[in-house]
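Presented below is the structure to which this report refers.
The values are calculated or read from the model by the stated rules, or taken from the named source; none is laboratory data. Since this is a predicted model, take the numbers as computed values, not measurements. Quick reminder, even Gly has a Cβ in these numbers, built from the backbone with ideal geometry, and neighbours come from all protein chains shown. In case anyone asks, the SASA skips ligands and DNA or RNA and just uses the protein heavy atoms, side chains included. Shrake-Rupley method; radii C 1.70, N 1.55, O 1.52, S 1.80 Å.
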Amino acid sequence: MDEIADRAADVAFDEPELLAKGYRAYRRYRITLTGEDGATIEQQRDVLDGGKVIAVLPVDVARDEIVLIRQFRLPAHLGNGKGDLVEIVAGRVEQGETLAASARRECREEIGLAPSALVELFSYFTTPGLTDETVTVFLAAIDAAQVPAHTRLGDEYIRTLRVPIDAALTALQAGTIHNGPAILALQWLALNRALLAGLLRG
């Protein structure tokens, strides 16, 4: 049986064509994919440049709490009318910045404090049929009592939510959260809750 793991493909493509550029670039690729039998397939694919993103699940182990955030997302509003999303800390990795440095910066910006410990958990593609955006999820140790009720970053207004872990997992099970990074981080938490103290102790 094949190993159940992503692997490199035998693919060739020329310089992509820039279709549009706004917040992110949108490019068209013409590719030749070679299969295991040696046959080739020609494909045309349009890709939105997404780049690297981090997401952070802040946990206060002593209080058995996590910190979520709430902020408005226009695409979510257009999608289902509920654009005031419950999320976890997240943001784009800046040029020259490590993933961990980005995670610490985003915590300071979005929940008002830097974590005392940080552990990288896993990475995933958000929508691999459309974008190369890759999210790396971190677990962070924080003192929830130090988190302000809200923060403001440029044109973003963020409300922080200190919630018991049980309440967050109940919301996950009820399907009331629709933000991808938050769902995946809470699923990880449901499976690995007993490991929190040991992981964040280092």
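So the values come out like this:
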read-out	value
Subset of the range 6-31 (residues that are within 19 Å of Glu133 (Cα to Cα) and part of a loop (DSSP other than H, G, I, E, B))	Asp6, Arg7, Ala8, Ala9, Pro16, Gly22, Tyr23, Arg24
Subset of the range 27-42 (residues that are open to solvent by less than 50 Å² (accessible area, probe 1.4 Å) and of a type in the set (S, T, N, Q))	Thr32, Thr34
Sole residue being touching a residue at least 12 places away in the same chain (Cβ under 8 Å), of a type in the set (Lys, Arg) and either within 17 Å of His150 (Cβ to Cβ) or in contact with a Phe, Trp or Tyr (Cβ under 8 Å, 6 or more places away or on another chain) (or both), chosen from Arg73, Arg92, Arg63, Arg105	Arg73
Every residue from the range 78-89 that is without any contact (Cβ under 8 Å) to a residue 60 or more places away in the chain and exposed (fewer than 14 other Cβ atoms within 10 Å of the Cβ)	Leu78, Gly79, Gly81, Asp84
Verdict on Gly50 being under 20 Å from Thr126 (Cα atoms) and not in a helix (DSSP H, G or I)	yes
Residue selected from the range 43-60 under the condition closer than 30 Å to Ala144 by Cβ and among the β-branched types (Val, Ile, Thr), by the criterion most open to solvent (accessible area, probe 1.4 Å)	Val53
Residue, farthest from Pro115 (Cα to Cα), within the range 146-181, restricted to residues that are modelled with pLDDT under 95 and among the small types (Gly, Ala, Ser)	Gly154
Among the residues listed as Glu87, Glu15, the single one being out of contact with any helix residue (DSSP H, G or I) (no Cβ under 7 Å at 6 or more places or on another chain) and among the charged types (D, E, K, R)	Glu15
Among (1) part of a loop (DSSP other than H, G, I, E, B); (2) modelled with pLDDT under 95; (3) surrounded by 13 or more Cβ atoms within 10 Å (Cβ to Cβ) - the single one Leu200 does not satisfy	(1)
Those residues of the range 112-129 which are open to solvent by less than 70 Å² (accessible area, probe 1.4 Å), within 17 Å of Ala62 (Cβ to Cβ) and outside any strand (DSSP E or B), in sequence order	Leu113, Pro115
Residue pairs meeting the criteria (Cβ under 9 Å; at least 6 apart or on separate chains; first part of a helix (DSSP H, G or I), in the range 168-189; second open to solvent by 20 Å² or more (accessible area, probe 1.4 Å) and of a type in the set (Gly, Ala, Ser))	Leu169/Ala190; Leu172/Ala190; Gln173/Ala190; Pro181/Ala90; Ala182/Ala90; Leu186/Ala171
Any chance Thr136 is modelled with pLDDT under 95, open to solvent by less than 30 Å² (accessible area, probe 1.4 Å) and in a strand (DSSP E or B)	no
